[in-house]
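J.: The structure that follows is given in the form of C-alpha cells.
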Amino acid sequence: MTLRLHDTATRSVREFSPLTPGKASLYLCGATVQAPPHIGHIRSGLNFDILVRWLRASDYDVTLCRNVTDIDDKIIRVAAQDGVAWWAVAERNQRAFTRAYAALGCLPPDVEPGRPDTSPR
C-alpha cells in the first residue's frame, strides 16, 4: 500500500518518498504548555502516533521528535497570576501532556528536546 500525504509546499497530495530509503524522520511541533491539555491539543500527537505506527509496520526505521514550546506570553501571564516561575507552569503542564499521551496509548517520542532520552529502543 502506498502512503500519500498532503504536501503543504505544493498544496497537493503526493506519494511518500523518504530522503533516505527505509528511514523516516518526523517532527511534531508539539504543545504550548500554558495550560493542561484538551482533546484539540492531543489530536496532533495522536495523528503522528498513527503515522509512526504505520511507517514502522511498513518496515521503516522511524525517528519521532516531539517538541514542546515552553515559553511564550501566555505562560508568562499564567505564571504571574499563579505567583510561580514560568518554568514551573511549563513543567506542570508538560507532565500533564505526557500523561495524556500515555493514557491514550501513544508511543513516546524518540527525541524530545529538553528531556533526557528515556524511550526504549
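The values are calculated or read from the model by the stated rules, or taken from the named source; none is laboratory data. Worth saying up front: this structure is predicted, and the values here are computed from it rather than measured. Cβ sites come from the backbone with ideal geometry, for glycine too, and all protein chains shown count toward neighbours. In case anyone asks, the SASA skips ligands and DNA or RNA and just uses the protein heavy atoms, side chains included. Shrake-Rupley method; radii C 1.70, N 1.55, O 1.52, S 1.80 Å.
J.: When the helix-only estimate is applied to the chain (DSSP H runs of n ≥ 4, each -39,500 (n - 2.57), divided by the residue count), what is the mean residue ellipticity at 222 nm, nearest 500 deg cm²/dmol? Kindly include the intermediate steps, with their values, before the conclusion.
T.: On the way: 3 runs with 47 residues, N = 121.
Value at 222 nm, helices only: -13000 deg cm²/dmol.
J.: Magnitude of the Cβ-charge dipole of region 1-114, K/R +1 and D/E -1, about the Cα centre, nearest 20 debye?
T.: Numbers: 13 positive and 12 negative charges, 56 e Å.
Its charge dipole is roughly 280 debye.
J.: Follow-up question, since we're still on this one. Please give the net charge around His38, taking every other residue with its beta carbon less than 15 angstrom from that of His38, where Lys and Arg add +1 and Asp and Glu add -1. Present the calculation step by step, with values, prior to reporting the outcome.
T.: Details: positive: Arg43, Lys74, Arg99; negative: none.
Once positives and negatives cancel, what remains is +3.
J.: What do you get for the angle between helix 73-82 and the principal long axis of the chain? Use alpha-carbon atoms, 0 to 90 degrees, nearest ten.
T.: 40 degrees
J.: If you don't mind, there's one more thing I want to ask. When Lys and Arg each count +1 and Asp and Glu each count -1, what net charge do the other residues less than 14 Å away from Ser17, Cβ to Cβ, add up to?
T.: Cβ neighbours under 14 Å give a net charge of +1.
J.: Also: Just how much of Arg14 is accessible, in Å², when a 1.4 Å probe is used and the result is rounded to the nearest 10?
T.: Here the accessible area works out near 120 Å².
J.: Given the whole protein assembly as supplied and a 1.4 Å probe, what does the accessible area of Val84 come to in Å², nearest 10?
T.: That residue has around 60 Å² of solvent-accessible surface.
J.: Could you rank Tyr60, Tyr101 by how accessible they are, 1.4 Å probe, largest area first?
T.: Details: Tyr60 55, Tyr101 15 Å².
Largest to smallest exposure gives the sequence Tyr60, Tyr101.
J.: Provide Asp82, Asp59, Asp72 ordered by accessible surface of protein heavy atoms (probe 1.4 Å), highest first. Intermediate values should be presented prior to the final figure.
T.: Values: Asp82 80, Asp59 135, Asp72 45 Å².
The residues order as Asp59, Asp82, Asp72, largest area first.
J.: Under a 1.4 Å probe, what is the accessible area of the chain per residue, stated in Å²?
T.: Accessible area per residue, the chain: 67 Å².
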